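What follows is one structure encoded as C-alpha cells, with my remarks underneath.
Each reported figure results from applying straightforward, stated rules to the coordinates on display, with no laboratory input. Just so we're clear, the structure is a prediction, and the values are computed from it rather than from any experiment. For neighbour counting, all protein chains shown are included, and Cβ atoms are generated from backbone atoms with ideal geometry for every residue, glycine included.
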Amino acid sequence: MKIRRKKKRLFDNNSALSDLAFLLIIYFIVIAGFNINKGFLMDLPVKDSVRTLHKDDILRFELTDGGTLTFNGSFVTRNETEEKIASAARTRENLAVLLTVSPKAPWWSVVSFVELAKRLKIKSFSFKKMAQAGIGT
C-alpha cells in the first residue's frame, strides 16, 4: 500500500506578509519627508512686476571649456569676479549678471558661479549655453 504524504506548505498565513508590506509602505512614506533636496533657493520675480534694465546694468561673463571666466574678453579670477560683481551691485540698483556657459565647461564651475551670485544677493541672474559652431542656442 502506498502512503500518501501531505505536501508541506512553508508559509500559509498571508496576513503576516501583508502586514510587512504595509509597514514598509509607511516607513518609505515617513522617510520621504526627510529626503528633501532644496537646490539653489533664489528669489524669483514677483508676478506682474515690471523691471527695466539698461545695457549698462548687465554684467556679462563667459565660462570657457576649461572652466575659466572671461569678462569683456579678458580672463578674470574668481576673486576679481567677486570684486567686480560686488562693486557693481553697490553702485547699480538694477544690476543683472549674465553667464554664458560653454557646453564643455565643468559643471562645478557653473555651480560655484551660481553660489557666488547667491552669496552676493544678486536679484537678477541668468545663464545660457554658448552657441556651438553650426548649432543654434
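A few points about this structure:
- The range 55-129: equivalent-ellipsoid semi-axes (sqrt of 5 x gyration tensor eigenvalues, Cα, Å): 19, 12, 11
- Between Ile58 and Ala96, the built amide H atoms are under 5 Å apart, and every one of these is 5 or more places off in sequence or on another chain.
- FRET efficiency for the Ala89 to Ile31 pair, using the beta carbon distance and R₀ = 35 Å, is estimated at 0.25.
- Per-pair calculated FRET efficiency, R0 = 35 Å: Leu23 and Lys123 via Cβ, rounded to 0.05: 0.15
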